[in-house]
Structures are given as structure tokens and as C-alpha cells.
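No lab work stands behind these numbers, since they all come straight from the coordinates. These numbers come from a predicted model, not from an experiment. Because the Cβ atoms are built from the backbone with ideal geometry, glycine has one as well, and the counts that use them run over all protein chains shown.
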Amino acid sequence: MTTTIRMLFAYDGTGFRGWAAQRDPAVRSIEREITAVLTEVLEEPVRLRAAGRTDAGVHARGQVASFRTARNIPPAKLRAAINGRLAADVVCLEAAAAPASFDARFSASSREYRYRIDTGDVPDPFTARFVWHREGRLDIASMRRAAQRLMGEHDFTTFCRHPGHGRATVRDLQRLTVAASGPRVELGFRANAFLHQMVRALTGTLVLVGDGKLRPDDVAVLLANRNRTGTGNLAPAHGLTLERVVYGRRARP
């Protein structure tokens, strides 16, 4: 008899080549490190499923992973055992038994990311690993108008790395907020799922709007064009955090 275990992780992605294990075992990835520790503790092979395959340098406060095990170990004891072996930049916040049908990726109804920007004249050394410092005021009102053009179900080919032939590029962007407090600007994203580098591409484009290099209405044109050309550079990975994964039905805002 096997048990499905659901785990909640937080990590500083600075020292990792993203979530996904790489072919080269010398390349550090979050999936490989957690899998190695679980395999050691449970003394059996472990196959992890994650809600979001975060890119190199991207952080998480609410990453969810699941796996099945034949071992009979209380989840609280398992959590303590792996936290005692993981490096300090990865921590298991919660562990619990889940229904057999639960899958961290396919059972999720939405994911929530937050991108943090510091517009001050100098970076804050205490947050620099988690915030994109780009000096200069941004036009928040224009960024909010542009964000409205992006919400809803669209083909987001313009705002992703090429997904590969035949792969779906339609996503439902349920929420896109732009908030400012002093020099800090934060963009909040919620969607049923995200394409590769989609949040960073959207952020980079909204910053162009905030800089006055694009108009809010230009964003709708770029979206309709379904072409990465002209959308500007990606926002740096280190400003992005996977904040939360939602399971079950939830009303749209």
C-alpha cells in the first residue's frame, strides 16, 4: 500500500539552476536536492511532482510538491528528518498525507507569483537577492492600465520563451496587480498556469510602460501579435517569487 504525501517548500533560488533536475548531477537544482534527501530518509526511490518548475534564480515561498511512498512514516516526522538534512536555502514548511488522486501539478487550479522592484537610487543590500533594483520612478497609473489589457484568457505567445511545436500557449491570467509603496513596486500575478518565463516577460514589458517607452494600448497590440519581438528584455529572475499554489475551485476577483 502506498501513501501520497503533499509538501510545502520555501527556498532561496539564488544558488540553484531552477527547480528541475539537470542531466549533469554536478549542477545544483532544488528537485535533485529534495529528492536525494527523501530517498535517503525513506530508503526508496522518490519521484517528485511540483506545482511550478521555477527557473534558475527564481525563489519560492509556497512551492508544493507531492510523491508516493510505500513507507509508513508520520508526515511530521518526515518533515523534521528532511529539514535536518537539507541546506539552509531550502526548507519544508508543511508535510501531510493527501488523497491518492492528488498531484501537485495537475491538481492545482492556479498559481500566484509576485515580482518585486526597487526604484531607489541605491540597492538595499538586505533585500538585493530578492528584488530587482532599477533606479528611476515608474508611472504606476500607466502600468495599471496596461495590466488591464493583459487580464483574461489569451494566447500569451508574445510573453513566453518558445514553448515548442504544438504546445498550448493559451492561459487565463486571472489577476495582475501593480502596487507601490515608496521606492518599492510589486507586481502580483495569478493564473491557471504560466508559460516558461511568462511572468518575467510581462514584468519587463510593464516596466517599459512605466518608463514611458511603451503606451498602455501598445501592450494589447503586442499580445495580439503573438510575437516575442518588440517586447523588451526579460526582467531578472531574482526579483520573482512563487508565493502560493491554489487547489480546489476559487472565485475570480
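So the values come out like this:
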read-out	value
Relative contact order (%) - criterion: Cα under 8 Å, at least six apart; region: the chain	24
Dipole magnitude of the chain, debye to nearest 20 (Cβ charges: Lys/Arg +1, Asp/Glu -1, about Cα centre)	600
Charge dipole (segment 109-247, unit charges on Cβ, about Cα centre) - positive-most of 206, 176, 159	159
Nearest-20 debye value, segment 5-72 charge dipole, Cβ charges on Lys, Arg, Asp, Glu	260
Residue among 179, 108, 237 with the largest mean-square fluctuation in a Gaussian network model of the chain, springs linking Cα atoms under 10 Å	179
Residue with peak Gaussian network fluctuation, the chain [Cα springs, cutoff 10 Å], from 185, 64, 199	185
Charge sum, other residues only, whose C-beta stays under 14 Å from residue 140's C-beta, Lys/Arg counted +1 and Asp/Glu -1	+1
Burial order of peptide ranges 50-57, 34-41 (average beta-carbon count within 10 Å, highest first)	50-57, 34-41
Top of 65, 235, 168 by mean-square fluctuation, Gaussian network on the chain, Cα under 10 Å	168
Signed unit charges on C-beta, dipole axis of the chain, positive-most listed residue 4, 90, 117	4
Where labels lie 7 Å past Cα in the beta-carbon direction, separation of residue 40 and residue 85 in nm	0.6
Label-point separation, residue 153 to residue 129 (7 Å along Cα→Cβ), nm	4.1
For segment 86-128 versus segment 17-74, the gap between their alpha-carbon centres in whole angstrom	14
